[in-house]
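The values are calculated or read from the model by the stated rules, or taken from the named source; none is laboratory data. Bear in mind the structure is a predicted one, so any value in this text is a computation, not a measurement. Here the Cβ is made from the backbone with ideal geometry for all residues, glycine too, and neighbour counts use every protein chain on show. Note: accessible area is taken over every heavy atom of the protein model, side chains too, but ligands, DNA and RNA are not part of it. Shrake-Rupley method; radii C 1.70, N 1.55, O 1.52, S 1.80 Å.
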Amino acid sequence: WVQIAALSASSSQASDLLDAILNKFNADNYAYETLVQRLSSIIGASEDAGVIKRLLQKATTILSAEQGKWQAPVFEGLAEGIKNRKSLPAGIAAEQVLLVKTCLEYPVEEVRRGALHVLKATGLSDGVQTRAAVFKARQMASDTKLSKDQRAMAIDFLGLRPSASYVPFLKNLVNPREALEVQLAALNTLNLMPGLDESKYILLQWPSLSPQVRNQAIDNFMSDSGRISLLLDAIEAGKITKGEISWYQSVGLRSVDEMTLRKRARILLVNKDDNRKGVIEKYQAALNLKGDPTKGKTVFQVNCAICHQLGGKMGKAFGPDLGTIHGWAPGDIITNILDPNRSISHGFDMWNVALINGDLVQGIITTETPTSITITNVNGVVRIIARQDIQSLKALDMSAMPVGLEDKITPQEMMDLLSFIRSN
């Protein structure tokens, strides 16, 4: 219902339909939130400055957190739509003062972040007011009396106008004494600086970074080919262990657009130097071990539930439901677990979708209509993409499931897992 209503609405219908939805917005109903965001996206992509201005003014009205739950999805939708325009509507830059004030001062975090995303889509024009806003954001970022969320938002705001002048300040924020949110925001803003100096600095600081900061740093390394090359160098040299690369990051590295880097990542992360046949034979030899389904449930929850469900329960519905394989021969299940690229289940292959606005979306195609495709990424985030916004669509010919589970699951644990799968 959400997809049909949103994708069939013309730009003129979208404003009227959005007004009707906002008048009876149900914050507890995800369908309402999704529809509000989609309709706002249509308005941002096709309406004139007057319509967008009225919607922005409505979305920036200060309301209680409960009353204003529709405001954040309006901002997110507008940001998405404006990014898809060939040019900004005339006069929209005049709304930057309102957006900046909302971004830095609005009492609700989600609304502040939504305003920031609209500013990213419109760009931040130069001028006295902008310089004053940047100065204020710099002061807020330094103010330890403010909440960690306010400081983090101020740091993110600085990223709208990247400047080498505050690089030393940002570097000083990436330290264990600062709140996690502040460190992550500083990392993300540093990541916007051109060149590789900031990435090299992060590698030098690697031993002192906490696990969550390291995880974000790895995500940031994946923002361009030069940084990916640095990351692969660090993995190859043992400065960053393969264990620090999450499943999601491994998928991203193994499917980067540049062929040389993609091949190198697959060699480093897929253990291509290991003998898959030998690993499989080792685990096949364990088939005579007796599995414990109770222990196997724990193995499933730790290693499989991030991607799979079992009979529609317990995990995340990204990969195939493992309830469909309980009748397979145990040896076949082991082979497919340890060598997932040998046989990619129909409908679960990975795709790269390049959008006209420059975004790159990656995941599996879960549904298709004549006018759109729906992509689900490895984090479980669902995105509906209008076909007219697609620049190119490319199959990656790889499974999202990582190779190397033998490093995490012993032969006995494998048999426990099989026992659990086959008993459900």
> Which condition number in (1) within 20 Å of Lys408 (Cβ to Cβ); (2) outside any helix (DSSP H, G or I) is the one that Lys239 fails?
Replying inline: (1)
>> On the basis of being in a helix (DSSP H, G or I), under 27 Å from Trp351 (Cβ atoms), modelled with pLDDT of 85 or more and not charged (D, E, K, R), does Leu203 make the cut?
In response: no
> For Thr298, are the conditions met, namely being β-branched (Val, Ile, Thr), closer than 16 Å to Leu405 by Cβ and surrounded by fewer than 19 Cβ atoms within 10 Å (Cβ to Cβ)?
Replying inline: yes
>> Among the listed residues Ala132, Ala179, Ala164, Ala121, identify the single one that is open to solvent by 10 Å² or more (accessible area, probe 1.4 Å), of a type in the set (A, V, I, L, M) and within 21 Å of the chain's Cα centre (by Cα).
In response: Ala121
> Would you call Gln412 closer than 26 Å to Lys242 by Cβ, modelled with pLDDT of 75 or more and among the polar types (S, T, N, Q)?
Replying inline: yes
> Does Ser225 qualify as being touching a residue at least 12 places away in the same chain (Cβ under 8 Å), of a type in the set (Gly, Ala, Ser), surrounded by fewer than 19 Cβ atoms within 10 Å (Cβ to Cβ) and more than 20 Å from Pro168 (Cβ to Cβ)?
Replying inline: yes
>> Among the numbered criteria (1) free of Cβ contacts under 8 Å to residues at least 24 places away in the same chain; (2) open to solvent by less than 10 Å² (accessible area, probe 1.4 Å), which one does Ser64 miss?
In response: (2)
